[in-house]
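Remarks on the structure that follows.
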Amino acid sequence: MATYTLISSNVLSSSAASVTFSAIPATYTDLVLKVSARSSVNVGGYSYLKVTYNGTASGYSDTLLYKDGSNATPQSQKASSQAFWSASGTGLPFSDAATTSNTFGSAEIYIPSYTANQYKPASAFSVQENNSTAQYMALDASLSTDTSAITSVTITAGDPNFVSTSSFYLYGISNA
């Protein structure tokens, strides 16, 4: 049975462009990052999350499948050799100042075998909260070509800042 242990959390008391979890211990098998956030800028109803490991700004590839309520057909994008985890060139879809007031997007990012001496796969599910048909949800599969153990994870707002009370939780998973 897998056991989740909270490694660290950060609930913003003021706006911030990014959140970093550093000194991640190598005592777990996998990592899970849970995010509830909103961007401070109005970019038409969705913003983005950007994810990097160990301060590395290269070697990320992924495939993004996303859907909004106003389009009957899911869309997909692929990218390689990115500076951060991002299939669209911008990041995981998220809520911004154009979405319904006081709503936050949510995401769960799963990083298996984060200490293994191998490329680092990851998956994410994100949803934008909005009371309109144009809201987004996305599934993402990522691969980092860095083979070193992940000791830090940085989540950056695709637009200027995450707003106050955006929350970020990092869990370690132990398989018993």
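Take the conditions (1) in a loop (DSSP other than H, G, I, E, B); (2) over 18 Å from D146 (Cα atoms); (3) at pLDDT 75 or above; G55 misses just one of them, which is (2).
Tell me whether segment 133-153 contains one or more residues that are under 11 Å from the mean Cα position of the chain (by Cα) and at pLDDT 90 or above. Within segment 133-153, one or more residues are under 11 Å from the mean Cα position of the chain (by Cα) and at pLDDT 90 or above. Condition first: at pLDDT below 85, surrounded by fewer than 22 Cβ atoms within 10 Å (Cβ to Cβ) and under 18 Å from G158 (Cβ atoms). Now tell me which residues in segment 1-47 satisfy that. If the condition is that a residue be at pLDDT below 85, surrounded by fewer than 22 Cβ atoms within 10 Å (Cβ to Cβ) and under 18 Å from G158 (Cβ atoms), then S40, V41, N42, V43, G44, G45 are the ones that fit.
The values are calculated or read from the model by the stated rules, or taken from the named source; none is laboratory data. This one's a predicted model, so the numbers in the text were calculated from it and none came from an experiment. Note that each Cβ is placed from the backbone with ideal geometry, even for glycine, and that neighbours are counted across all protein chains shown.
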